[in-house]
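Below you'll find the structure, written out as structure tokens, and then a few comments.
The values are calculated or read from the model by the stated rules, or taken from the named source; none is laboratory data. None of these values were measured; they are calculated from a predicted model. Here the Cβ positions follow ideal geometry from the backbone for every residue, glycine too, while neighbour counts run over all protein chains shown. Surface areas here come from the heavy atoms of the whole protein model, side chains and all, with no ligands, DNA or RNA. Shrake-Rupley method; radii C 1.70, N 1.55, O 1.52, S 1.80 Å.
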Amino acid sequence: MTGPPELRIGIVGYGTMGRAHSYGYRAAPTMASLPMRPVVKLLSGRDERAVAAAAATYGAEAWTTDWRELVASDAIDMVDICTPPGTHAEIAQAAAAAGKAVLSEKPLGTSFAEARAAWSAVTEAGVRNAIGFNYRRLPAVALMRRMIADGTIGDVRLWRGIWLSDEFTDPATPFDWRFDRAMGGTTIADLGSHMIDMALWMVGPIAEVSAQSETFIRARPSPTGDRPVTIDDASSALLRFEGGARGTIEMARLAVRRPCDFTVEVNGTKGTLVFDYPRLNELLYGDAGDDPGLYGMRRIRAEHPSHPYAELGWPIGQGIGYGETFVSQAVDLVRGWSSGAWTPSFADGLAVQAVCDAMERSAGEKRWVSVAEITGET
């Protein structure tokens, strides 16, 4: 019996994200009926022993130490970029030039200029393109956005997002690419890109920002001695949306005992919605029209088949986790292959990067900065 045709994928990078994306591709056909079967044909990485071991573990059919070989391979339909942010734009441009579809992890670049170069390359080449804002595919987050779009909470007045991590709390943590702005990007671009994407997706374009940043641990140990840290440990900003709503955003990697905690809250004229990642299968909803005797928040378990992406999970009551966002991402990409209508796309990544750059400039110059100042659309 002949099965569906293969969607042949090459993944550049074998770290955490390469592992997550590989899992998504392997699990997707077991969770959904698909017109194509995603297959990781090739995995690339610089360390020969490590990439060979990763390929065996992840189920990739072959491996290489040269990402350019992967991009050029006739056995690949789609290039999946899971490397540090400073390499994303270069690889995306090469993939577009080779006529390959491209999925890039976020952020699209470490600057608006890099992101625009990547976006221009895929646009001019006319290739399918997507960016990995995987948290959009949590059922509770997708339900939150749907409820906002449906007018359930009325006109949005306030949006706030907080992302706290403790990965940089120990001063003895050795220097690596994450502390190098040119390769790892800022904390604004790393953690903040997810939050900014959700803000744009839920509320609409951001007009201007006023931000602050701080690097509390200014050097990190390395085999050759202490090296200067060129990224922010923590940042926050005030946001003004084009539609009139206001917002706040905070991201930090020095919050002790906060492993990967983010919260999004939206206040509208008729209600409030709250998502808290440690309870990722739930969404809190406060309805201004409720009986005053029931004052408070309703806890929605976003597991019903009517909820976005819930049908790709387990029976109601079982919940889903981080890994399922990559399964849903794979399902969306495969199902959207014939139309080429992938979302979120590089255009979304570019819009997010513009806000990141505005925040970085605002923090450096201690003033409000319009997003149009970054994009050149003033």
For Asp261, placing the label point 7 angstrom along Cα-to-beta-carbon and taking the range 181-197, residues whose amide nitrogen sits under 14 Å are none
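Lys and Arg at +1, Asp and Glu at -1: add these up for the other residues within a Cβ distance under 12 Å of Asp332 and post the number.
Working: positive: Arg128, Arg136, Arg137, Arg335; negative: none.
Combined, the nearby Lys, Arg, Asp and Glu give +4.
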In the range 312-375 the accessible area split gives carbon plus sulfur, as whole percent at 1.4 Å, a share of 54 percent
Note on the chain, DSSP bridge orientation, antiparallel percent to nearest 5 equals 60 percent
In whole percent, the fraction of accessible protein surface over the range 73-171 that belongs to carbon or sulfur atoms, probe radius 1.4 Å, stands at 47 percent
Protection proxy (average C-beta count within 10 Å per residue), highest first, orders 216-228, 7-19, 102-114 as 102-114, 7-19, 216-228
If each part is reduced to its alpha-carbon centroid, the range 12-81 and the range 220-272 end up apart, in Å, by 31 Å
The aspartates and glutamates whose Cα lies under 14 Å from the Cα of Lys366, excluding any fewer than 8 residues away in the same chain, are Glu208, Glu214, Asp357
Partner lysines whose C-alpha sits under 30 Å from that of Lys100, ignoring same-chain residues fewer than 8 away, are Lys41
A correct Karplus calculation of ³J(HN,Hα) over the range 60-65, with 6.51 cos²θ - 1.76 cosθ + 1.60, θ = phi - 60°, whole Hz and x for Gly and Pro, returns 5, 6, 7, 9, 8, 9
